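Colleague: Supplied in structure tokens, the structure appears directly below.
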Amino acid sequence: MAESPIRRNLARGGWERVDAVRYKDDAGDAGGAPFRSITRRVLFDEHDLHCELRYFEIAPGGWSTLERHEHAHAVMILRGQGRCLVGERVHTIREHDLVCVPSKAWHQFRAADDAPLGFLCLVNRDRDRPQLPAESELAALRQIPEVCAFIRTGEDTGETPDA
Ligand code: MN
């Protein structure tokens, strides 16, 4: 019997037949990509659409990896609030806001200290590997005061179990 095309949203969070997995799980990313308190769920991995739709959730105080890559992201905030770096600007983000992360733009998402940040992220199925900033690139980003105050780059690496 074919699997149902519907995967119900669960009362405790998440969806039927969708596992929360490590935020970064491939060998290349495991080599020192820093992040804190974030989980990833692949909602759709559709060969015919050539894209994936993922759901990330960052616990209060957590943050995603500061990175960039050739591929772009289309993000919709689904839950909570926080801030994000896109390029050289820091923005506040709230439920249902839309965030465009262009190709090659540095980006990082952070949950508020008192709220989680859950978001959908649409991405190409075939895509290049994220790059971490080199020391010189980090120094350049830190020349911008609001960016310097915002970014987290590894002094606090780790993840917490999905609540
Ligand atoms: Mn990215």
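Colleague: At what distance in nm do the modelled label points of Ala140 and Arg125 sit from each other, each positioned 7 Å from its Cα along Cα→Cβ?
Modeller: Computed distance between label sites Ala140 and Arg125 equals 3.4 nm.
Colleague: How far apart, in nm, are two points set 7 Å out from the Cα along the Cα-to-Cβ line at Leu43 and at Glu88?
Modeller: Between Leu43 and Glu88, the label points sit 3.4 nm apart.
Colleague: Right, here's the next one. Give me the percent of accessible area attributable to carbon and sulfur for segment 1-90, probe 1.4 angstrom. Could you put the intermediate results ahead of the total?
Modeller: Values: 2450 of 5020 Å².
Exposed carbon and sulfur together represent 49 percent of the surface.
Colleague: Given the options Leu78, Leu66, Leu49, which has the most mean-square fluctuation in a GNM of the chain, springs set between C-alpha atoms less than 10 angstrom apart?
Modeller: Leu49
Colleague: Using a 10 Å Cβ count of at most 16 others and DSSP loop calls, identify the longest part of the chain lacking such trypsin sites (Lys or Arg not before Pro). Provide the component values of the computation, followed by the final result.
Modeller: Numbers: sites that count: Arg7, Arg8, Arg12, Arg17, Lys104, Arg125, Arg127.
Answer from the scan: 18-103.
Colleague: Enter the accessible area per residue of the chain (Å², integer; probe 1.4 Å; all protein chains in place).
Modeller: Details: 9400 Å² over 163 residues.
About 58 Å² of surface per residue is accessible.
The values are calculated or read from the model by the stated rules, or taken from the named source; none is laboratory data. These numbers come from a predicted model, not from an experiment. In this analysis, Cβ positions are derived from the backbone assuming ideal geometry, glycine residues included, and neighbour counts consider all displayed protein chains. In case anyone asks, the SASA skips ligands and DNA or RNA and just uses the protein heavy atoms, side chains included. Shrake-Rupley method; radii C 1.70, N 1.55, O 1.52, S 1.80 Å.
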